[in-house]
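Below: the structure, in structure tokens.
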């Protein structure tokens with residue numbers, strides 16, 4: 001029943017009437033960390049390296065989850081569940097977007113950022129082996145179902161406010 005209520009929320013990207021485009025949006029935050037398993041720190045720009053990820057980020061490397069995405073709308077949903085000060089990067093996502101229905105993407109979709117960076121969606125959601133602090137505080141977490149992971153096909157520098165475009 002709770003899942004149905006979330007889908008009925010007009011600010012939730014899982015709602016089919018959600019007022020956003022699935023094709024175009026923008027970056028509201030870029031976040032990195034030196035260690036895995038901790039919230040990331042917000043930065044103004046980042047260098048994405050082809051077949052590696054974000055320069056200096058703990059999750060970068062030669063694997064399929066080089067860069068992670070989460071929608072600001074998903075964070076807003078969690079704020080409404082009792083965490084009003086939740087910020088981008090708290091879920092350890094690298095790129096927080098706005099106006100794109102990230103949970104509606106599919107593996108293989110291409111993501112273009114700015115004029116040069118290209119990524120490819122490789123995974124939707126992730127299994128959490130140990131529940132995070134957010135889960136223990138509110139009994140839920142959006143990253144396992146709404147987080148998106150991608151590999152970098154073409155590198156370059158990205159900035160907060162850059163346009164993000166989705167291609168099939």
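The values are calculated or read from the model by the stated rules, or taken from the named source; none is laboratory data. Source: prediction; values computed, not measured. Cβ coordinates were reconstructed from backbone atoms using ideal geometry, including for glycine residues, and neighbour counts include every protein chain displayed.
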Query raised in the report: Going through the range 36-57 one residue at a time, which ones are in a strand (DSSP E or B) and under 16 Å from residue 154 (Cβ atoms)?
Result: 46, 47, 48, 49, 53, 54
Query raised in the report: So which residues in the range 58-93 are surrounded by 23 or more Cβ atoms within 10 Å (Cβ to Cβ), part of a loop (DSSP other than H, G, I, E, B) and either over 12 Å from the mean Cα position of the chain (by Cα) or at pLDDT 95 or above (or both)?
Result: 66
Query - Candidate set from the range 94-113 (those that are outside any loop (DSSP other than H, G, I, E, B) and touching a residue at least 60 places away in the same chain (Cβ under 8 Å)); member that is nearest to residue 33 (Cα to Cα) - result: 95
Query raised in the report: Is it true that some residue in the range 101-111 is under 19 Å from residue 26 (Cα atoms), buried (at least 21 other Cβ atoms within 10 Å of the Cβ) and modelled with pLDDT of 90 or more?
Result: yes
Report task. Name the one entry in 16, 39 that is surrounded by 17 or more Cβ atoms within 10 Å (Cβ to Cβ) and at pLDDT below 95. Result -> 39
Query raised in the report: touching a strand residue (DSSP E or B) at 6+ places or on another chain (Cβ under 7 Å), modelled with pLDDT of 95 or more and crowded, with 24+ Cβ neighbours inside 10 Å: does that describe residue 119?
Result: yes
